[in-house]
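Working notes, beginning with the structure itself.
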Amino acid sequence: MTIQLECKFNKNRDRDINTAVNDNSGEFTTIADCTREYLEKISEDFRNGKKYTVSLLTLRIQLGQLAIYEAKINNDINKAKELYYLAALAIIKALENSTGTFVLGGTPVLPDFALPLCSDATMLYPLFALLTEEKSSAVAEQGSWASIMRCYQAALIKDWAEIERMIAILQKKFAKLKANAEVVYFIEFFQALLSNNTEAVEASLRTLLTPPLVIKQNSEWRKMSHEGEYMCHFGMPFAKLAWILGHEVEIHHPLIVSELLPVRPLENYHNPYPFLEPAESTWALLNK
């Protein structure tokens with residue numbers, strides 16, 4: 001079932017994604033140049049057996065920004081998906097290199113984790129569902145952003161029991177919060193997924209995409225990544241997850257790249273950078 005979701009937006013307080021991308025088209029040229037420099041630096045470090053002198057997670061952000069440019073300016077959705085695939089590999093390698101194991105050291109920002117899933121490389125979903133924070137049992141069990149992340153990960157593999165368990169923990173922790181607290185809306189979204197009711201999912205997304213929430217969510221993200229200028233911090237990852245789970249909510253919103261919501265994997269995913277190739281032990285996790 002496909003639902004039209006028309007969301008009004010106060011453009012005096014924020015910008016339409018098409019306007020924002022066009023206004024900053026020159027900036028994307030700089031980002032592209034920086035990304036090429038990053039790729040060359042990391043490639044050289046890899047060839048020489050050195051530790052990387054630049055951040056793989058920063059590379060992920062740059063690849064994501066280029067994906068937005070390809071999707072919105074060049075109308076090349078396949079190229080955008082290829083870039084998001086490389087961004088996903090950058091996350092995987094960053095985790096491997098930082099810990100020596102496939103464990104995430106610290107609670108990630110949701111878009112940094114989830115946007116690479118716009119590659120539609122569905123074979124990576126089980127792998128991303130396995131990412132766990134350092135001391136995850138202690139962090140997530142207490143009710144925190146790690147719990148929200150755990151819900152997102154569990155949804156990728158349809159682990160409904162884990163989502164129910166995390167929701168119970170979050171509700172207990174945040175029972176005294178006002179009804180307009182963000183976490184309440186996140187809980188409602190995952191409850192909608194649990195109900196397998198597309199209308200409930202649509203209603204939840206509509207709430208998450210209201211101007212006050214979007215502006216609040218994106219204010220901090222903008223400071224960390226230019227992606228916050230172009231996409232809704234939580235709305236885009238949650239909308240993508242809804243489509244992954246079969247809730248085809250067609251969204252018309254200034255900060256949603258609607259072209260990236262349908263799950264349409266590419267025939268082939270090519271990685272031209274050896275330093276981004278996950279370790280055999282990481283790929284082996286998919287065969288367990």
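The values are calculated or read from the model by the stated rules, or taken from the named source; none is laboratory data. Fair warning: this is a prediction, and the values are worked out from it, not measured in the lab. Glycine gets a Cβ as well: all are built from the backbone with ideal geometry, and neighbour counts include every protein chain shown.
Residue-wise test of (1) part of a loop (DSSP other than H, G, I, E, B); (2) surrounded by fewer than 23 Cβ atoms within 10 Å (Cβ to Cβ); (3) β-branched (Val, Ile, Thr).
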position	(1), (2), (3)
Ile42	no, yes, yes
Gly49	yes, yes, no
Val54	yes, yes, yes
Gly64	no, no, no
Glu70	no, yes, no
Asn74	yes, yes, no
Tyr84	no, no, no
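Contact annotation: no residue pair with Cβ atoms under 6 Å, 6 or more positions apart or on different chains, pairs a residue in the stretch 168-181 that is modelled with pLDDT under 70 and β-branched (Val, Ile, Thr) with a partner that is surrounded by 12 or more Cβ atoms within 10 Å (Cβ to Cβ) and outside any loop (DSSP other than H, G, I, E, B). Scanning the stretch 182-218 for residues that are charged (D, E, K, R) and within 19 Å of Trp145 (Cα to Cα) gives Glu182, Glu188, Lys216.
Here are Asn218, Asn271: which of them is modelled with pLDDT under 85, in contact with a helix residue (DSSP H, G or I) (Cβ under 7 Å, 6 or more places away or on another chain) and either closer than 22 Å to Leu124 by Cβ or surrounded by 14 or more Cβ atoms within 10 Å (Cβ to Cβ) (or both)? Step through it out loud before you land on a result.
Details: Asn271 fails: modelled with pLDDT under 85.
Every option except Asn218 fails the conditions.
Every residue in the stretch 44-74 that is touching a residue at least 60 places away in the same chain (Cβ under 8 Å) and polar (S, T, N, Q), please. Within the stretch 44-74, just Gln65 meets the criteria.
Residues of the stretch 240-288 that are part of a helix (DSSP H, G or I), more than 23 Å from Gln65 (Cβ to Cβ) and of a type in the set (A, V, I, L, M): Ala242, Ala284, Leu285, Leu286. If I filter the stretch 41-64 for residues that are at pLDDT below 85 and closer than 26 Å to Leu205 by Cβ, do I get at least one hit? Yes; the residues of the stretch 41-64 include at least one that is at pLDDT below 85 and closer than 26 Å to Leu205 by Cβ.
Which pairs do you get when a residue that is under 12 Å from Val201 (Cβ atoms), found in the stretch 245-258, comes within reach of a residue that is in a loop (DSSP other than H, G, I, E, B), reach meaning Cβ atoms under 7 angstrom, with the pair 6+ apart or on two chains? Listed by first residue and then by second, the contacts come to Glu248/Met1; Ile251/Leu261.
To keep it simple, each residue is scored yes or no on (1) crowded, with 20+ Cβ neighbours inside 10 Å; (2) modelled with pLDDT of 90 or more; (3) at negative phi.
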residue	(1), (2), (3)
Phe102	no, no, yes
Ser119	yes, yes, yes
Leu131	no, no, yes
Glu134	no, no, yes
Gln142	no, no, yes
Arg165	no, yes, yes
